[in-house]
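Some notes on the structure that comes next.
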Amino acid sequence: MYITLDGVSRQYDSVWAVDRVTMGIGKSEFVSLLGPSGSGKTTLLRIIAGLEKPTTGRVLIDGEDVTDLPPHRRGVAMVFQEFLLFPHRTVFENLAFPLRMLKLPAAEITERVAWVVGILSLGGLEKRYPNQLSGGQQQRVALGRGLVGRPKALLLDEPLANLDRELRQEMEVEIRRHQSALGIPFIYVTHNQEEALSMSDRIAVVRKGRIEDFAARTDIYDRPKTAFIAQFVGRSNRFEGTVGAGGRSVATRCGTTLALPAPLDPARAVQLFIKNEKLRLAPADGTDASHGANRLACTVKDVILRGAYADYILAFGDRELNASRPRSERAFLSGEAVIAHLNPEDIDLYDTDGERPS
Ligand SMILES: Nc1ncnc2c1ncn2[C@@H]1O[C@H](COP(=O)(O)OP(=O)(O)OP(=O)(O)O)[C@@H](O)[C@H]1O
Ligand SMILES: [Mg+2]
């Protein structure tokens, strides 16, 4: 592993902001640290950068123990949410700044800035000031300032949080492309699951200073290891209930019975999640020929159009269910009666403590 965190913790007063984190990041990996506000993501990143000293544990970069090295001796660069460009310096001078700090010769500075201007498509903007740039261009300059020192790794702390959705999605593609081309690890902090899912090879889900799971993005999304991850990643419907006498179904608190994909101990308390896009809809007029378990009679309360998808809010008894369906499928209208199919194989199931039942 190129970057290793070995039992890293950080205590502030009585709070463990980072709590016994051990993880390894590969030489050309894009890794996201994904977690809610206050979970310890920034602290973890600052520990890798050397801006924060861990209370316990070690940080290794490229085989070297850097725990006691200051930031500028670690060869990693960090990009922040507030890009912190110097307002009274040109793009060129903003990009040259880290190199001037290193006291590099002028010719080398010119050459390296030109390299970064080239890869980030900033050509022609070198003489402008930050307030003469678009949000995306400012973001690229910030990224360029991270890359200009040719770091061994780039650490990014919510760099797209201030951009609108469309620009953010463009920048996601761009950042991912730069990471692949440069072949250095990017460690990307975000609380936004879409960002983490769009760019990462692997995602570390951070919760209360600990790594809840560290796995391929598809595993995080498709096979969430804990109820916390099922709740935090993707959008889903949650049911609570108790396993029935035969062990093959769950009597839910909302008064329905759901068939399980595999038998469980009877009388066990469980929670079930089903992603919105896994809930299939059929008309309730009897023309639907499909059958199978877990057919819930609902009424459409609201339809929200999201371009290629329609989000349905369904009334089911006295609770709501959420379904997300492609617009290419039959559309349903507010007030229409529908059957929501919930395939047992699509259920993610956890104990009440949030772990998968053994
Ligand atoms: N300098 C500090 N002094 C005291 N407590 C701190 C300090 N920095 C962070 N904390 C606490 O450590 C915990 C983790 O903070 P951190 O900034 O790492 O979270 P985060 O996951 O980056 O959150 P956000 O998504 O809001 O940026 C929080 O409880 C925070 O209040
Ligand atoms: Mg933070």
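The values are calculated or read from the model by the stated rules, or taken from the named source; none is laboratory data. The model shown is predicted, which means the values in this text are computed figures rather than measured ones. Note that each Cβ is placed from the backbone with ideal geometry, even for glycine, and that neighbours are counted across all protein chains shown. Note: accessible area is taken over every heavy atom of the protein model, side chains too, but ligands, DNA and RNA are not part of it. Shrake-Rupley method; radii C 1.70, N 1.55, O 1.52, S 1.80 Å.
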Counting only residues that are outside any helix (DSSP H, G or I) and of a type in the set (A, V, I, L, M, F, W, C), which one in segment 113-133 is modelled with the lowest pLDDT?
-> Leu120
Out of the residues in segment 163-179 that are open to solvent by 70 Å² or more (accessible area, probe 1.4 Å) and assigned to a helix (DSSP H, G or I), which is farthest from Gln231 (Cα to Cα)?
-> Arg177
Kindly indicate the residue of segment 36-47 that is more than 9 Å from ligand 2 (Cβ to nearest atom) and surrounded by 24 or more Cβ atoms within 10 Å (Cβ to Cβ) and also nearest to Arg217 (Cα to Cα) among those meeting that condition.
-> Leu44
Out of the residues in segment 217-254 that are part of a loop (DSSP other than H, G, I, E, B) and aliphatic (A, V, I, L, M), which is least open to solvent (accessible area, probe 1.4 Å)?
-> Val233
Restrict the check to segment 233-242 and report whether at least one residue is of a type in the set (Phe, Trp, Tyr) and farther than 19 Å from Tyr350 by Cα.
-> no
Residue that is farthest from the chain's Cα centre (by Cα) [pool: residues in segment 158-188 that are within 16 Å of ligand 2 (Cβ to nearest atom) and at pLDDT below 95] = Asn162
Report the residue count in segment 262-284 for those that are in a loop (DSSP other than H, G, I, E, B) and under 27 Å from Phe332 (Cβ atoms).
-> 2
In segment 285-321, anything surrounded by 13 or more Cβ atoms within 10 Å (Cβ to Cβ) and not in a strand (DSSP E or B) is listed as Asp288, Ala293, Asn294, Gly317
Taking into account only those residues within segment 134-156 that are open to solvent by 20 Å² or more (accessible area, probe 1.4 Å) and outside any helix (DSSP H, G or I), which is farthest from Gly50 (Cα to Cα)?
-> Ser134
Sole miss for Thr110 among (1) within 16 Å of ligand 1 (Cβ to nearest atom); (2) in a helix (DSSP H, G or I); (3) open to solvent by 70 Å² or more (accessible area, probe 1.4 Å) is condition (1)
First in segment 35-47 and within 8 Å of Gly209 (Cα to Cα), second anywhere and near ligand 1 (Cβ under 6 Å from one of its atoms), Cβ under 6 Å, 6 or more apart = Gly40/Ala17; Lys41/Gly35
